[in-house]
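The values are calculated or read from the model by the stated rules, or taken from the named source; none is laboratory data. Just so you know, these numbers come straight off a predicted model, no measurement behind them. Here the Cβ positions follow ideal geometry from the backbone for every residue, glycine too, while neighbour counts run over all protein chains shown.
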Ligand code: GTP
Ligand code: MG
């Protein structure tokens, strides 16, 4: 497995512009609580690389993890679509992700994490359209595969395959380790 090292934590929009310009970035996006930070920990085989919580809205900064020896960054982003968050916080998230998409010249791809138990949600479809409109390739990832049946999973894969060009989703469980190798393969190949 590749090694993950926390390289930079960014709290404001201003810090984003020239962050880590040396290598390509792959951002992990998804609704709050979908399991972005947990996936970082599972991929890095470390329990506390990224902060995880059962309460949505845990990640509030942009965290860049260097992938060794491959020389690219994985970015853990704050989640979107958390209704209980204040309007200003939701707007900050939207600004962060938009600025990231528009200004990060090294953004090679966007991994969009989707809960395998849920029907495609409007917020996720919007995220996919937004990335594609900015010509950023989308890597769909179905999370919490341990929580859904084989049947549910293949139903979800079919639904998302129609919505994302060239993007059959890969299913993963950060809890059991199922699918981690397949996810690494997608990320390294992007
Ligand atoms: P924000 O930072 O709020 O956007 O959330 P996040 O997407 O980073 O989610 P996080 O990794 O903090 O996980 C949210 C909750 O889901 C935690 O309680 C995790 O333990 C749980 N979780 C994450 N991945 C899995 C998984 O593969 N299986 C199961 N069963 N639970 C998971
Ligand atoms: Mg998080």
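The residue pairs whose first member lies in region 40-56 and is under 12 Å from residue 2 (Cα atoms) and part of a loop (DSSP other than H, G, I, E, B), whose second member is modelled with pLDDT of 95 or more and more than 9 Å from ligand 2 (Cβ to nearest atom), and whose beta carbons are closer than 6 Å, counting only pairs six or more residues apart or on different chains, are 44/4. The single condition among (1) over 26 Å from residue 19 (Cβ atoms); (2) out of contact with any strand residue (DSSP E or B) (no Cβ under 9 Å at 6 or more places or on another chain); (3) part of a loop (DSSP other than H, G, I, E, B) that residue 105 does not satisfy is (1). Consider region 120-142 and keep the residues that are touching a helix residue (DSSP H, G or I) at 6+ places or on another chain (Cβ under 7 Å) and assigned to a loop (DSSP other than H, G, I, E, B). The one that is farthest from residue 94 (Cα to Cα) is 120.
Residue 158 fulfils the conditions (1) within 16 Å of ligand 2 (Cβ to nearest atom); (2) farther than 13 Å from residue 29 by Cβ; (3) not in a loop (DSSP other than H, G, I, E, B) except for a single criterion, (1).
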